[in-house]
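Below: the structure, in structure tokens.
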Amino acid sequence: MSRDTASQRQVDAARPDRSTWLAANAGSGKTRVLTDRVARLLLDGVLPQHILCLTYTKAAATEMQNRLFKRLGHWAMLPDDQLRTELETLGIEDRVTAGRLNLARTLFARAIETPGGLKIQTIHSFCAALLRRFPLEAGVSPQFTEMEERDATLLRAEVIDRLARRPDAGVLERVALFYSGASMEGLAATVAGHADLLSRQPGRDALERALGLPAGYEVGDLLGDVFLGSEMGDIAALCAAARGGSANDVKLAEKLAGVTAPDLRALAVLEDCFLLKKEPFSAKIGKVPTKATQSAHPELMDRIEPLMARVETARSRRLALELLDRTVALHDFARLFLPDYARAKMLRGAMDFDDLILRARDLLTNQDVSAWVLFRLDGGIDHILVDEAQDTSPVQWQVIQALAREFTSGAGAQDDKTRTIFVVGDKKQSIYSFQGADPSEFDRMREEFDDRLTALGTPLQRMALAHSFRSAPALLALVDKVFEGRVEAGFSPDETHIAFHETLPGRVDLWPLVEKVENTEEGEWDDPVDLPGEQDHNVVLARRIARTIRGMIDDRTPLPLGDGTARPIHAGDILILVRRRRRLFHEIIRACKGEDLDIAGADRLRIGAEIAVKDLTALLSFLATPDDDLGLAAVLKSPLFGWDEQMLFDLAHRRETKRLWPALDAREDHAETRRILRDLRDHADFLRPYELLERVLIRHDGRRRLMARLGTEAQDGIDALLDQALAYERTDVPSLTGFLVWLQGDDPEVKRQMESAGSRIRVMTVHGSKGLEAPVVFMPETQARREELRGEVLSDDDLVWWNMPAREAPPLLAGLREAKLRKQREETDRLLYVAMTRAEKWLIVAAAGELGKSGDTWYERIRDGMTALGAAPLIRPDGEGLRLESGDWQGLTPIDPPARQDRRPALPDWATRPAPRAAAAPRTLSPSELGGAKALPGEEGLDEEAAKRRGRQIHRLLEHLPGVPETELADRAAFVLGHGPDAAEGEELALLTGEAQRILFRPNLRHLFGPEALVEVSVTADLDALDGRRIHGTIDRLIVGNETVLAVDYKTNAVVPDRPEQVPDALLRQMGAYAAALARIYPGRKIETALLWTRTADLMVLPQDLVIAALHDTTTS
């Protein structure tokens, strides 16, 4: 089958029988190669569970899975000829037989039905699954959970707090003296991130040797090297001599006057006076003091100049000592913190992302268990695929190495199975060093795998994908020009870019620089002090960008599609990339909203900064504390209620109460507001925070109201707040106040999925844009940026050092600083490459601020590259820029794409009508409330409440006194009725006790209180006699025999009937309900009912016909 060069390279790279190391330029289709390779492995009969594909992000794993399942599902439905063509295009070279076609159609079902699914996952997910499969071998809990960053932050804060209360808290105090952060959490996070190295604890001796210090070298030794004995007199003499000299000598004398003793403070003054202020910090011999003073005091200078030389020599040792002290304090802190932090995680059954990698590495490299684990895994993994390999950290490579060990050594390398490893990456796109990525590992691991595979006779296939299916020729030519000679950053001259769409029009615009303007404008008195002025350079550039986009859309600017066709640009074509989420970032979003452009908002959001979240938390604060007038006022003005300033003023100004809520609750207007707030207040003490938020958002229409006012982007903040509520409820006992305090403890940041922004403008950082693309890309932040070294610590392969400013860094640290700065500059190059290669057709470059003097800013490099490629002047209203263009842009006429057809099915009428309200379930009936009289006519004495109280008292005694000896009866009765609302004492207690005693000790009633009798038995049944209605009641005494069942109920009536026929109707219906219910529960047994009259201690058996007839006479309505 004939293919173009780019497609053939993809087919060759996807060969399933060769181990391949693939370098893929941006836009070269590496994701397609990965999915092609997996599909071809499946076509070759490899079972899905034997393939492991490791990706860098969850989004990449999801994208790859979706593509693969879409293709396999498509194959399942294709006829033979079309499916044969698809397989040939994929690279199946031999004849596609009917069996191969049938196999292709079954792959979708196989992949779906594979236990655990296709293993396309991040390396963290894989390590988590590995540890759960081998928890005992790894020494972890089988039910461990993966900690999110917020949980880890809170846990580290707990550990720090606990350390501060320990007897050895002095270690914490000492390290705090050197740490300048706002809280110890930052240092704790840094220590946790370097746990692998810091846990080794090299000791002070090893640190001294690394710094070149003698063993046991202390401050006293340092001072002894400088001050030999007579220096204080010499310094005093120099000070006196300098006072009579020039103005510079007088300044020297003023400084030297501060030297009063040979200590570290004196040494600092001498360094300031005698040494140069910048590299190489050498002694000013012959220059200090002035020539005239030197000439006047030659003998003094003979003593001062050796002192100056000693100060110069001592400087490096002083800096080394200071670094040693700080680093020892760091290691001492790590020695306390890391074990306590690890124990805290173990007690919670939690692991952070670093733990997953380190534990998996230790498991796979532990000689005691690794052979067993690899043997078990070897039966499950035959093919390893690694995506975005340039962003893989050294520790992650150790995991991959261990997994592939059986491929290249041992029994696994000798059997007849085909095992392969496929690695794809691009060093030019390695931009995640802050997450441990090291692009140098990409080359090192390639050589290592090649050596091991070559030894087995299956050498590694090294390939590169140079064709870009994304960008136009003009953009790629500029990319190659800008990165000429940047070999150290990963830009090899052999890896240039080739445009697959050779005739696709492309364009790069360079706008004129917006000069920096200091914010000196006078604003309103109540403006925030950091509010930028109208002429601020960031504001000016942001507005230019917004107006340009508005003009593109309004003017229907054509966007080339290829083959001479074009369509109008819309908002979803625009991607704006910045380097930091600082002022320019927010000004761009603000300016775009000001131009009424569809914009997706920020790519990351801080939950606490979102207006919708502020409104909801203000509401929760009011519900937790009704006296919170400010919270209530904020809620009333929010979209949740929509009050204006006048309405709020009327409420607050005219109120007669001190607090706002009672004033609002007492008013007759604003009925809807009061109804909602009352409902929420009624439920605030009983609902979990998530449930309360859900009630606000759904039952009271809060979500719709917030989004109607704040836009669809408010939904992300709302959902993030709900996620936080669930996270809080997983770790704490839920309470509204607790949740509000928990929210204030940190301000979580949530990443938004900008790839799903639809037809809206996307504004994001270059780091966040990795893997995305857009027809039109703006790069507005290309000006000079201050070079700063990130991080609290520096490390080499073996040791971790405290980071210090360049001026105070001894040679060892200075070397580490320079190496890291060099790597940062190289990564900055790669970041520029990522930014430029996001553009498909049009790249617009701008800058606001200063370019500096280095000549190496992104703006200048792009400008120089465009000039070298013959860019033409670009005349704009704000000045002259440059334009580099390829293809025909002039003859393009935008054609509107066909209107999207509404393919939604027509809904039946019932689907658009509100569902009818469901009928309320019938109320369960109580047997004692079936109607009728409960007492005989003429009964006198107790009123109704007193009668009920007496009935409860007798029932309690008859429930608790059976089995009590008669001699102890009075004391036990006093105890039973000694507390509660029905408590009794004195004569009342004696009467009640006597009544109970007569019943309990009457011989003919003893069987009712024996061990075989059931007490306070609840019964429930649906009764036909009551038209199927359900009854629920409690029988005082139930005796269940083999043939009969007796139900007895106590009655405390003052007037007792002589015969069953005289029993009041209500009592007969009650016993009839019991009889009917028991008949359903005990079918086939004789049911008997009886009333125990407590006043006379008589048991009256009720005829069955009598009680059933009374039950049938009941009216259930």
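The values are calculated or read from the model by the stated rules, or taken from the named source; none is laboratory data. These numbers come from a predicted model, not from an experiment. Here the Cβ positions follow ideal geometry from the backbone for every residue, glycine too, while neighbour counts run over all protein chains shown.
A compact table of results
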read-out	value
The stretch 245-282, residues that are outside any helix (DSSP H, G or I), surrounded by 12 or more Cβ atoms within 10 Å (Cβ to Cβ) and not hydrophobic (A, V, I, L, M, F, W, C)	Gly245, Ser246, Gly258, Thr260, Pro262, Asp263, Ser282
Residue count, the stretch 625-650 (criterion: within 25 Å of Val741 (Cβ to Cβ) and of a type in the set (S, T, N, Q))	2
Boolean, Leu198 is in contact with a His (Cβ under 7 Å, 6 or more places away or on another chain) and closer than 18 Å to Arg343 by Cα	yes
Residue in the stretch 838-850 that is closer than 28 Å to Arg326 by Cβ, in contact with a Phe, Trp or Tyr (Cβ under 8 Å, 6 or more places away or on another chain) and not β-branched (Val, Ile, Thr) present	no
Set Asp168, Asp161, Asp94: member being within 30 Å of Ala76 (Cβ to Cβ) and of a type in the set (D, E, K, R)	Asp94
Subset of the stretch 865-888 [in a helix (DSSP H, G or I) and either farther than 24 Å from Glu502 by Cα or outside the structural domain of Tyr833 (by TED's automatic domain parsing) (or both)]	none
Count - residues of the stretch 302-328 that are among the hydrophobic types (A, V, I, L, M, F, W, C) and farther than 10 Å from Val226 by Cα	7
Residue count for the stretch 1008-1048, restricted to those that are closer than 20 Å to Val1101 by Cα and part of a loop (DSSP other than H, G, I, E, B)	6
The stretch 334-352, residues that are surrounded by fewer than 19 Cβ atoms within 10 Å (Cβ to Cβ) and either in the same structural domain as Trp397 (by TED's automatic domain parsing) or acidic (Asp, Glu) (or both)	Asp340
Flag for Leu813 being of a type outside the set (Gly, Ala, Ser), in contact (Cβ under 8 Å) with a residue 60 or more places away in the chain and more than 24 Å from Val514 (Cβ to Cβ)	yes
Given (1) in contact (Cβ under 8 Å) with a residue 12 or more places away in the chain; (2) closer than 30 Å to Ile1108 by Cα, index of the condition Pro1011 fails	(1)
Checklist (1) aliphatic (A, V, I, L, M); (2) under 17 Å from Leu706 (Cα atoms); (3) surrounded by fewer than 20 Cβ atoms within 10 Å (Cβ to Cβ) applied to Ala666, failing item	(2)
Residue within the stretch 1045-1061 that is of a type outside the set (Ser, Thr, Tyr) and farther than 23 Å from Glu1088 by Cβ present	yes
Qualifying residue in the stretch 616-626 (condition: without any contact (Cβ under 8 Å) to a residue 24 or more places away in the chain and either in a helix (DSSP H, G or I) or in contact with a Lys or Arg (Cβ under 9 Å, 6 or more places away or on another chain) (or both))	yes
Val96 closer than 30 Å to Phe337 by Cβ and not in a helix (DSSP H, G or I)	no
Residue in the stretch 482-502 that is farthest from Gln535 (Cα to Cα), counting only those that are surrounded by fewer than 16 Cβ atoms within 10 Å (Cβ to Cβ) and either in the same structural domain as Leu832 (by TED's automatic domain parsing) or among the charged types (D, E, K, R) (or both)	Asp494
In the stretch 578-601, the residues that are under 22 Å from Pro558 (Cα atoms) and touching a strand residue (DSSP E or B) at 6+ places or on another chain (Cβ under 7 Å)	Cys592, Leu597, Asp598, Ile599
Residues being surrounded by fewer than 16 Cβ atoms within 10 Å (Cβ to Cβ), β-branched (Val, Ile, Thr) and more than 26 Å from the chain's Cα centre (by Cα) - total across the stretch 564-617	1
The stretch 204-231 residues that are without any contact (Cβ under 8 Å) to a residue 12 or more places away in the chain, paired with ones that are in a helix (DSSP H, G or I) (beta carbon under 7 Å, 6 or more apart)	Ala215/Asp205; Ala215/Glu208
Neighbours by Cβ (under 7 Å, 6+ apart or cross-chain): first from the stretch 453-481, more than 14 Å from Ala499 (Cβ to Cβ) and not assigned by TED's automatic domain parsing to the domain that holds Ala868; second in a loop (DSSP other than H, G, I, E, B) and not aliphatic (A, V, I, L, M)	Leu453/Ser19; Leu453/Pro459; Thr458/Ser19; Leu460/Ser19; Gln461/Arg18; Gln461/Ser19; Ala464/Glu495
Counted residues, the stretch 191-239 - those being among the small types (Gly, Ala, Ser), modelled with pLDDT of 85 or more, loosely packed, with under 13 Cβ neighbours inside 10 Å and more than 55 Å from the chain's Cα centre (by Cα)	1
Thr114 among the hydroxyl-bearing types (Ser, Thr, Tyr), surrounded by 14 or more Cβ atoms within 10 Å (Cβ to Cβ) and farther than 20 Å from Thr31 by Cβ	yes
Condition met for Ala344 (more than 19 Å from Val800 (Cβ to Cβ) and assigned to a helix (DSSP H, G or I))	yes
The stretch 656-700, residues that are of a type in the set (Asp, Glu) and either within 22 Å of Gln724 (Cβ to Cβ) or not assigned by TED's automatic domain parsing to the domain that holds Ala633 (or both)	Asp685, Glu691, Glu694
Extreme residue, nearest to Thr260 (Cα to Cα), among residues of the stretch 213-232 that are touching a Lys or Arg at 6+ places or on another chain (Cβ under 9 Å) and part of a helix (DSSP H, G or I)	Glu231
Selected residue (criterion: surrounded by the most Cβ atoms within 10 Å (Cβ to Cβ)) from residues of the stretch 151-190 that are closer than 21 Å to Gly349 by Cα and among the charged types (D, E, K, R)	Arg156
Total residues in the stretch 940-997, condition basic (Lys, Arg), within 20 Å of Val1055 (Cα to Cα) and either in contact (Cβ under 8 Å) with a residue 12 or more places away in the chain or in contact with a Lys or Arg (Cβ under 6 Å, 6 or more places away or on another chain) (or both)	3
Selected residue (only one of Ile285, Ile304 is outside any helix (DSSP H, G or I), among the β-branched types (Val, Ile, Thr) and not assigned by TED's automatic domain parsing to the domain that holds Val793)	Ile285
Positions within the stretch 283-312 being surrounded by fewer than 17 Cβ atoms within 10 Å (Cβ to Cβ), touching a Gly at 6+ places or on another chain (Cβ under 7 Å) and of a type in the set (S, T, N, Q), in sequence order	Thr290
